[in-house]
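For reference, the structure discussed in these notes is given below.
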Amino acid sequence: MALHDEEPLVARLAVWLAAQGVQCHESVITTRDGVVAGYGCVATRKLKKGELLFRVPRKACFGPRAGAPIDAEAPGDTQRRFAVRLLKERALGSTSRWHPLLAVLSPAPCPWIWPEGSERFLDGTELEEVLARKRQRLRCERKKIGLSDDAARSREYDAACALVASHLNPWFGGSITPVNATLNYAAAPNVEFEAEGVDTVVARAVRPIAAGEELTQEYCESTAMFLYRYGFVPSAVLGTDGPNADGAGPTAGAVRPLADDAVSISSAALLALVAPPSRHPLLAPRLRLLCAAGALGVCPWDGLDELVTAEIQRDGVGTAKLVGALLLLALDDERWALAEAAAAAAASAEAAPEMAAKADGSDDDDADDDDDDDAIAAALVAAAFGVGSQEAQALEQLAESEGGEDGDPWPALLAQAAALAPVGRRAQIEESITNAIERARHAVRQRHSRLEAATVAPPEERSDGYAASGDAQYGAGRAGKRTAKRARLSAEAGSAEHRPSVPAAETAAISLAGAWRLAQGLRRVEQAILEDALRLLEAASAEKLAVKLG
């Protein structure tokens with residue numbers, strides 16, 4: 001890897017990488033010039049699509065589990081094992097084997113290291129409960145390792161967890177993988193990493209890369225995850241003009257949520273719309289079956305898997321599932337018993353070929369799960385609407401064609417089932433659908449109102465860029481004022497599209513105003529999602545389900 005002579009940290013890293021067996025393309029340099037932020041990699045000549053850029057062996061990765069397969073799952077939302085080891089290695093200074101790698105890494109401004117009082121900025125958002133659980137988990141971890149009575153070391157531990165969260169890669173059960181851990185983000189990346197064999201991670205160009213162009217990669221497809229794990233909101237999401245725009249000023253444009261962006265509506269809120277509190281425990285089995293049918297889901301955030309929610313995504317995707325869930329939750333007990341029996345029969349019918357496929361080793365677990373969801377959804381809807389056996393088979397085929405891994409059978413199922421229902425029940429069914437749509441509107445309005453009500457005014461900001469109170473400058477005492485200022489300027493970029501990669505002495509510092517701007521970015525995305533859903537639901541009716549609902 002070519003280097004800039006004035007960057008001693010990069011020079012030491014290059015020597016270290018070579019010693020660990022890391023292979024780097026000769027026409028790629030590591031530099032701070034011409035990159036989005038921090039350290040990045042730039043091509044010095046045109047690179048072709050498919051060119052091998054990096055090859056990283058297991059021994060060069062920090063923190064892999066001993067003997068873990070290359071594709072072993074990384075841990076959940078706990079960084080304790082990595083953070084403890086990281087702090088031990090950093091305490092060794094330049095004598096640590098890992099010093100050249102760790103010296104160019106720094107934590108992102110993840111919400112759990114924001115200034116005191118800033119958690120209120122996320123109230124009403126998807127991250128409100130996630131952050132509360134994370135801070136509770138950090139308190140337990142600090143107590144377990146004996147840091148709970150040491151405020152300075154507790155902050156250092158939290159920052160170490162932020163560094164791990166923002167740099168951890170999925171290889172070998174979770175590891176900080178050289179190059180993969182420092183390449184910046186882009187909405188249209190030009191590099192992709194993948195496993196090669198059992199002990200190597202490689203990176204290739206996924207499209208031609210021009211001379212002077214920065215090498216970039218994809219991080220995730222969720223604004224909440226960007227903010228939580230990487231400490232920024234992509235500018236493309238907020239429709240802003242530059243990588244450092246925060247989306248709160250005059251350059252703010254139309255919000256464009258990402259593919260995995262979602263706003264959840266709790267099952268408790270749904271139950272409150274269909275039944276008195278005394279009946280809620282009796283409806284719990286319905287929630288489980290609606291999860292099996294794909295209408296509801298378990299909260300995807302680690303530590304919150306006891307929560308069942310309805311998820312609304314961009315362009316109103318998920319509104320039909322919400323209507324379907326509310327319709328089925330409101331069924332009388334007799335009709336629900338028929339729906340439950342039909343779903344059980346459908347699940348059994350799907351299980352037989354799956355067992356045979358597993359026996360001969362030809363099964364695809366993900367595809368099987370999707371097929372199960374679709375079949376159960378069709379059975380529930382058919383029984384709820386009272387359609388005949390032939391019509392029920394037609395609905396199952398419809399669910400199969402409309403569903404699958406990336407599909408959603410619910411809009412078509414609800415529309416077609418209403419058309420296939422017995423003539424004598426159609427008036428009753430239309431009334432049930434109309435009531436379910438109105439309840440869905442109310443649920444979305446409630447969720448939007450909660451988001452709006454929790455919005456707080458921006459904190460007053462001083463002339464030096466810090467808010468008037470509550471500032472946190474992690475590491476400032478050890479790194480000095482100049483270093484703290486550099487870290488602040490990097491961290492307060494608001495929506496800078498990068499994974500921080502600055503010297504280890506610099507740790508993420510962010511003002512209350514900077515934290516507020518980041519939270520506002522997420523809030524704008526969630527508001528846009530709910531407003532899209534509400535527009536669809538306002539236009540929906542029992543006669544226009546397939547056209548109007550996502």
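The values are calculated or read from the model by the stated rules, or taken from the named source; none is laboratory data. Keep in mind that what you see is a predicted model, and the values were worked out from it rather than measured. Neighbour counts are summed over all protein chains in view; Cβ atoms, including those assigned to glycine, are modelled from backbone coordinates with ideal geometry.
From the set of residues in the stretch 311-336 that are among the charged types (D, E, K, R) and outside any helix (DSSP H, G or I), which is nearest to Ala384 (Cα to Cα)?
Ranking the candidates gives Asp332 first.
Between Ala203, Ala210, the distinction of being closer than 19 Å to Ile29 by Cα, out of contact with any helix residue (DSSP H, G or I) (no Cβ under 7 Å at 6 or more places or on another chain), buried (at least 18 other Cβ atoms within 10 Å of the Cβ) and not acidic (Asp, Glu) belongs to Ala203 only.
Before we move on, is Leu380 under 25 Å from Glu531 (Cα atoms), touching a helix residue (DSSP H, G or I) at 6+ places or on another chain (Cβ under 9 Å) and at pLDDT 85 or above? Here the answer is no, as Leu380 does not meet what is asked.
Restricting attention to the stretch 77-118, which residues are hydroxyl-bearing (Ser, Thr, Tyr) and surrounded by 18 or more Cβ atoms within 10 Å (Cβ to Cβ)?
Thr78, Ser106, Ser118
Has the stretch 176-183 got any residue that is crowded, with 16+ Cβ neighbours inside 10 Å and either among the small types (Gly, Ala, Ser) or over 21 Å from Gly63 (Cβ atoms) (or both)? There is at least one residue in the stretch 176-183 that is crowded, with 16+ Cβ neighbours inside 10 Å and either among the small types (Gly, Ala, Ser) or over 21 Å from Gly63 (Cβ atoms) (or both). For the stretch 166-223, filtered to residues that are part of a loop (DSSP other than H, G, I, E, B) and of a type in the set (D, E, K, R), the residue that is farthest from Ser106 (Cα to Cα) is Arg207.
None of Ala508, Ala504, Ala493 is surrounded by 22 or more Cβ atoms within 10 Å (Cβ to Cβ), modelled with pLDDT under 60 and out of contact with any Asp or Glu (no Cβ under 9 Å at 6 or more places or on another chain) except Ala508.
For the stretch 419-462, filtering for residues that are of a type in the set (A, V, I, L, M, F, W, C), at pLDDT below 90 and surrounded by fewer than 16 Cβ atoms within 10 Å (Cβ to Cβ) leaves 5. The residues of the stretch 26-76 that are of a type in the set (Gly, Ala, Ser) and buried (at least 19 other Cβ atoms within 10 Å of the Cβ), listed by number, are Ala37, Gly38, Gly40, Ala43, Ala60, Gly63.
Residue under question is Gly303, and the condition is that it be touching a Lys or Arg at 6+ places or on another chain (Cβ under 9 Å), in contact (Cβ under 8 Å) with a residue 60 or more places away in the chain and closer than 19 Å to Thr125 by Cα; does it hold?
Yes; evaluated as a whole, the condition is true for this residue.
Each residue in the stretch 281-310 was checked for being crowded, with 16+ Cβ neighbours inside 10 Å, out of contact with any helix residue (DSSP H, G or I) (no Cβ under 8 Å at 6 or more places or on another chain) and outside any loop (DSSP other than H, G, I, E, B), and 1 of them qualify.
Can you give me the number of residues within the stretch 136-156 that are assigned to a helix (DSSP H, G or I), of a type in the set (Asp, Glu) and over 17 Å from Asp77 (Cα atoms)? Result for the stretch 136-156: 1. Scanning the stretch 73-119 for residues that are touching a residue at least 12 places away in the same chain (Cβ under 8 Å) and at positive phi yields a single hit, Gly117.
When Arg137, Arg142 are screened for being surrounded by fewer than 24 Cβ atoms within 10 Å (Cβ to Cβ) and without any contact (Cβ under 8 Å) to a residue 40 or more places away in the chain, only Arg142 passes. Only a single item in (1) at pLDDT below 95; (2) assigned by TED's automatic domain parsing to the domain that holds Val36; (3) crowded, with 17+ Cβ neighbours inside 10 Å is not met by Ala188, and it is number (3).
Within the stretch 400-453, which residues are among the charged types (D, E, K, R) and closer than 30 Å to Asp123 by Cβ? Reasoning before the result, please.
Looking only at the stretch 400-453, we keep the residues that are among the charged types (D, E, K, R), and these are 400, 402, 405-406, 408, 425-426, 430-431, 438-439, 441, 445, 447, 450, 452.
Listed by number, the residues that qualify are Glu438, Arg439, Arg441, Arg445, Arg447, Arg450, Glu452.
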